[in-house]
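The values are calculated or read from the model by the stated rules, or taken from the named source; none is laboratory data. These numbers were taken from a predicted model, which means no experiment stands behind them. Neighbour counts run over all protein chains shown; Cβ positions are idealised from the backbone, glycine included.
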């Protein structure tokens, strides 16, 4: 038989257990709510971080598009493969130059003819006389990135050129030209003693502005003696030329320095 005091102790113990159990449930619910709140708060923070980052990236992209900033100092290159068709409507006055003997100044051509200017200085008669009957399609032009076929050049690309005082510097291509070659067109094939060789139209200007057709065996040209200088059939439909954006208009073809027939 259980006495009153023992029953009272049992009741107290049961009551304590109930209170502890209730407290555990409350603590668990509070802990669960706190974790849920923390998860929600962390998810909200991640969401706003993603939104903010996306908006910043979009804003930066728009600024670059507006300003045209490529992040480099590389010259802007025109990738359009079309070059200027200079036509064939010209009559060249043979053996007549409009270049002064002691400078790059122009002198008058005979009446009815116009001077081509830098750097061929030919006297032309016709309506379209900036005529680049010049280089074959396989001519390799020296650039800071290596040799490039003349047909692969674009306006704005950098090429090596020579300044008036003889320095080798990089300059962008200012102008490109191409012309239909006559069916009987010929090229001068020039071979130098150091192994360099090039082909160019007979009237293409050399270092001194004189046409390459004037080159002869054993003549010194661009630091080497001429071994051969002969005319050969061309056999291709077009010829090509370029003009670097510097004062002389010179450039290297297959490692040999030549002038340009194009005017600025």
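On inspection, residue 147 fails the criterion of being under 15 Å from residue 136 (Cβ atoms) and either more than 30 Å from the chain's Cα centre (by Cα) or not in a strand (DSSP E or B) (or both). Can you work out which of the residues in the range 98-128 that are in a strand (DSSP E or B) and within 18 Å of residue 250 (Cα to Cα) is modelled with the lowest pLDDT? Only one residue fits best here, namely 122. Total residues in the range 160-183 satisfying the condition of being assigned to a loop (DSSP other than H, G, I, E, B) and touching a strand residue (DSSP E or B) at 6+ places or on another chain (Cβ under 8 Å): the figure is 2. Residues in the range 190-223 that are within 19 Å of residue 147 (Cβ to Cβ) and surrounded by fewer than 16 Cβ atoms within 10 Å (Cβ to Cβ): 194, 195, 197, 223.
Could you run through the range 203-259 and say how many residues are in contact (Cβ under 8 Å) with a residue 60 or more places away in the chain, part of a loop (DSSP other than H, G, I, E, B) and under 20 Å from residue 140 (Cα atoms)? Residues that pass the stated criteria total 12.
Yes or no, residue by residue, for (1) touching a helix residue (DSSP H, G or I) at 6+ places or on another chain (Cβ under 7 Å); (2) under 27 Å from residue 103 (Cα atoms):
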| position | (1), (2) |
| --- | --- |
| 190 | yes, yes |
| 195 | no, no |
| 201 | no, yes |
| 205 | no, yes |
| 210 | no, yes |
| 215 | no, yes |
| 225 | no, yes |
| 239 | no, no |
